[in-house]
Each structure stands twice: as C-alpha cells, then as structure tokens.
Amino acid sequence: MFVNHNDLKPIVNLEGQTCFGCGSNNPVGLHMGFHTDGQRLYSFVSAPPVMAGWDRIVHGGILTTILDEIMGWSVIYLLGKIGVTKSMTVEFKKPVQVEDQLTAVGAIGEAISDRQITVLGEIYNGDKVLCARAEGAFAILSAQAAVRLGVMRADYMERFMPILQQREGA
C-alpha cells in the first residue's frame, strides 16, 4: 500500500496518555500516532524486539493490539464517537518482523445499527505487503453514554472532548 505522507493530516492525542497502544507516556507501549486522508486512518509504527513471539517475529497479540487501536481511533476520528470493541476477527497473512516500519490502516465498514458498526484494519510491512487484517464489531457510544457506562470517567472525557471534535466538519 502506497501512502503519500504529505497528503495526511496528523490527529492530535491527549498529552500524558498512558494507553498501551497510543500513549506517549507509556514506557513499554507502542506509542502509535495517527494521521488521516479524511477517509481512512493511518499509523506508522514498529514493534521493538521485546514484543517478539518466535525469534524476531512480532507476537500475534501485539499485531492484534495494533489492529484494535487503529480501528478504535477510526471510530473516534471518522465518526466523532467512542467505539468499544465487541468482537474482532484477525487474519494473519504473513510474518511481521520486529523493528520493521509498519503501516496500519483503519476504515469504517458498514453500519449494522445506529449503535453498532463494522470497522476494518490492515497492517502492511515496510515492503508494502499486507501482513494482517481484521474486521471488528464496535459498539458506538456518545460521550455521555461512555461516562454513564463507566468506559471513561467524566473528568477524563472532558479532557478527551477536543479529540472527538477535531475531524473536519465537526
């Protein structure tokens, strides 16, 4: 997959975030950042050797985390909502090497109802070869519902609101 980095807009995340996938303040996390072309989300990430399974192959759980994170952020940015993973199916197509520059791509699939959607994720290696893909069913929550259901505390959601509102046309 060819992605022209100059055509992508960076997506801002919260300062001080400790999420394993996207937190800049997590010393053992993936530190995923996100960019968009308006239709899809992208993250350029590599897994360090400590995230290997066999030899220098990235552990499947780490690849699944990358896919879940790109799909979740696709909901956040493209829909301006909180998405909670209900289920996901992952297909591992090719081994992924640690320290390889990966491109994760996320996109919104189909609306199942007004509260559930399908989200798609893919991981390409540095040679632009598709290595893993996922399809997830996500529950879609408003900010108020996410707080009411205990997904986020009210003070955290207040800090997070600008993130939900940063997409074009929000």
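Given the choices (i) 16.1, 53; (ii) 15.5, 46; (iii) 61.6, 191, Rg and Dmax of the Cα atoms in Å derived from the coordinates of this structure is entry (ii).
Round to a whole number: what % of the accessible area of segment 80-142 belongs to carbon and sulfur, probe 1.4 Å?
45
Ordering VAL96, MET51, VAL75 by Cα displacement along the dipole of segment 1-113 toward the positive end leaves VAL75 in first place; charges were set at the Cβ atoms of Lys, Arg (+1) and Asp, Glu (-1). Around ASP100, what is the net charge, scoring Lys/Arg as +1 and Asp/Glu as -1 over all other residues with Cβ under 14 Å from its Cβ? Result for the neighbourhood of ASP100: 0. Amide H contacts for ASP100 (H built 1.01 Å from N in the peptide plane; partners 5 or more residues away or on another chain; cut-off under 5 Å): ALA47. For the chain, the longest principal axis of the Cα atoms and the long axis of helix 154-164 meet at an angle of about 70 degrees. Cα extents for segment 32-100 along the principal axes, largest to smallest and rounded to whole angstrom: 40, 24, 20. Among ILE57, ILE82, ILE70, the largest mean-square fluctuation in a Gaussian network model of the chain (Cα springs under 10 Å) belongs to ILE57.
Work out the FRET efficiency for GLU99 and ASN6 from their Cβ-Cβ distance, taking R0 = 35 Å, and round it to the nearest 0.05.
Values: r = 25 Å, r/R0 = 0.71.
Efficiency for this residue pair is about 0.90.
Full extension of the chain segment joining SER24 with SER142 gains 40.0 nm, where the gain is 0.36 nm per residue of separation less the Cα-Cα distance. Loop sites only, by DSSP: take the chymotrypsin sites (Phe, Trp or Tyr not before Pro) in the chain that have at most 15 other C-beta atoms within 10 Å and name the longest stretch containing none of them. Longest stretch, sites excluded: 55-170. Springs between Cα atoms under 10 Å define the GNM used for the chain, and in it the highest mean-square fluctuation of GLN97, GLN116, GLN39 occurs at GLN39. Compared with the dominant Cα axis of the chain, that is its longest principal axis, helix 60-74 is turned about 40°. For the chain, a Gaussian network of Cα nodes joined below 10 Å ranks LEU14, LEU120, LEU102 by mean-square fluctuation, and the top entry is LEU14. Summed over the residues of segment 1-136 and divided among them, the accessible surface reaches 51 Å² per residue at a probe radius of 1.4 Å.
Taking the helices alone, the chain has a mean residue ellipticity at 222 nm of -5500 deg cm²/dmol, built from -39,500 (n - 2.57) per DSSP H run of at least 4 residues and averaged over all its residues.
Partner lysines whose Cα lies under 18 Å from the Cα of LYS93, excluding those fewer than 8 positions away in the same chain, are identified as LYS128. Summary value for the chain: 21 percent relative contact order, contacts being C-alpha pairs under 8 angstrom separated by 6+ residues. Rolling a 1.4 Å probe over the protein heavy atoms of segment 1-56, with every protein chain left in place, gives an accessible area that is 54 percent carbon and sulfur.
If R₀ is 25 angstrom, what is the calculated FRET efficiency for the pair VAL151 and ARG56, using the beta carbon separation as r and rounding to 0.05? After rounding to 0.05, the efficiency reads 0.10.
The values are calculated or read from the model by the stated rules, or taken from the named source; none is laboratory data. Remember, predicted model here, so these are calculated numbers, not experimental data. Quick reminder, even Gly has a Cβ in these numbers, built from the backbone with ideal geometry, and neighbours come from all protein chains shown. All accessible areas refer to the heavy atoms of the entire protein, side chains included, with ligands and DNA or RNA removed. Shrake-Rupley method; radii C 1.70, N 1.55, O 1.52, S 1.80 Å.
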